[in-house]
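Participant: Quick one: this structure, given as structure tokens, is what I'll be asking you about.
The values are calculated or read from the model by the stated rules, or taken from the named source; none is laboratory data. Note that the structure is predicted; figures quoted are calculated from it, not measured. Don't worry about glycine lacking a Cβ; one is built from the backbone with ideal geometry, like all the others, and counts go over all protein chains shown. Each accessible area value is taken on the protein alone, full model and side chains, heavy atoms only, with ligands, DNA and RNA left out. Shrake-Rupley method; radii C 1.70, N 1.55, O 1.52, S 1.80 Å.
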Amino acid sequence: MSPHCSHTRHRRAQWRAAALLHDVGKTVSTLGWTMRVVATLSGPRWMRFATYHGHERLGADLLRGVSDPETVSLVEGRGDDLVARALREADDI
């Protein structure tokens, strides 16, 4: 197996991990399903809603030290490549 092929597989694994974990920070808000809908519609008006809306940073903090740095960066919303843009767009749906 060529080193390039191995590198590509590793990157794809990071992208998959970021796609699966990009909302993990929302758990810090302790909002239930219904209140998450309300928070999404109303914006960061109250502290728990603001915590919910800051989920990228919180998720990255939870993953730092246990996930690959590129995965953490993608979860945090940094980067301007295709994968980072796709994750941001998914949050805007």
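Participant: Extension gain C5-V38, at 0.36 nm per residue separation less the Cα-Cα distance, in nm? Mind dumping the intermediate values first?
Facilitator: Details: separation 33, 0.36 × 33 = 11.88 nm, distance 4.44 nm.
Gain in length upon complete extension: 7.4 nm.
Participant: Moving on. Taking 0.36 nm per residue of separation and subtracting the Cα-Cα distance, what length does fully extending R88 through L20 add? Kindly include the intermediate steps, with their values, before the conclusion.
Facilitator: On the way: separation 68, 0.36 × 68 = 24.48 nm, distance 1.33 nm.
Length gained between R88 and L20: 23.2 nm.
Participant: For a test of the definition: using alpha carbon positions, the gyration tensor, and the 1.5 limit on a/c, classify the stretch 1-47 as rounded, prolate or oblate.
Facilitator: Working: a/c = 4.76, a/b = 4.28, b/c = 1.11.
Cα axes put the stretch 1-47 in the prolate bin.
Participant: Can you run phi through the Karplus equation (6.51, -1.76, 1.60; θ = phi - 60°) for the stretch 73-80 and list ³J(HN,Hα) in whole Hz, with x for Gly and Pro?
Facilitator: 4, 5, 4, 6, x, 8, x, 10
Participant: Given 0.36 nm per residue, what is the gain on full extension from D80 to W46 after removing their alpha carbon distance, in nm? Don't jump to the answer; show the numbers that get you there.
Facilitator: Values: separation 34, 0.36 × 34 = 12.24 nm, distance 2.98 nm.
My answer for the length gained is 9.3 nm.
Participant: Compute the signed sum of charges (Lys and Arg +1, Asp and Glu -1) over the other residues within less than 13 Å, Cβ to Cβ, of Y52.
Facilitator: Once positives and negatives cancel, what remains is +2.
Participant: Explain nothing, just the number: dipole magnitude of the chain about its Cα centre with +1 on each Lys and Arg Cβ and -1 on each Asp and Glu Cβ, in debye rounded to the nearest 20.
Facilitator: 180 debye
Participant: Right, next: Keeping every protein chain present and rolling a 1.4 Å probe, give me the accessible area per residue for the chain in Å². Present the calculation step by step, with values, prior to reporting the outcome.
Facilitator: Details: 6240 Å² over 93 residues.
That works out to 67 Å² per residue.
Participant: If you don't mind, there's one more thing I want to ask. Find how many whole Å separate the alpha carbon centroid of the stretch 53-92 from the alpha carbon centroid of the stretch 1-51.
Facilitator: Here the two parts' Cα centres lie 7 Å apart.
Participant: With a 1.4 Å probe and all protein chains in place, put W33, W15 in order of accessible area, largest first. List each step's numbers first, then the result.
Facilitator: Working: W33 195, W15 85 Å².
Greatest to least solvent exposure: W33, W15.
Participant: Nearest 10 degrees is fine. How inclined is helix 3-21 to the longest principal axis of the chain, computing both from alpha carbons?
Facilitator: Around 10 degrees separate the two axes.
Participant: Under 11 Å from the Cβ of G79, count the other residues' Cβ atoms, weight Lys and Arg +1, Asp and Glu -1, and hand me the total.
Facilitator: Working: positive: R78, R85, R88; negative: E70, E76, D80, D81.
After counting each charged neighbour, the total is -1.
Participant: Separate question: Considering just Cα atoms, how many Å³ per residue does the convex hull of the chain enclose? Please report the intermediate quantities before stating the final value.
Facilitator: Working: hull volume 9.2 nm³, N = 93.
Dividing the Cα hull volume of the chain by its residues yields 99 Å³.
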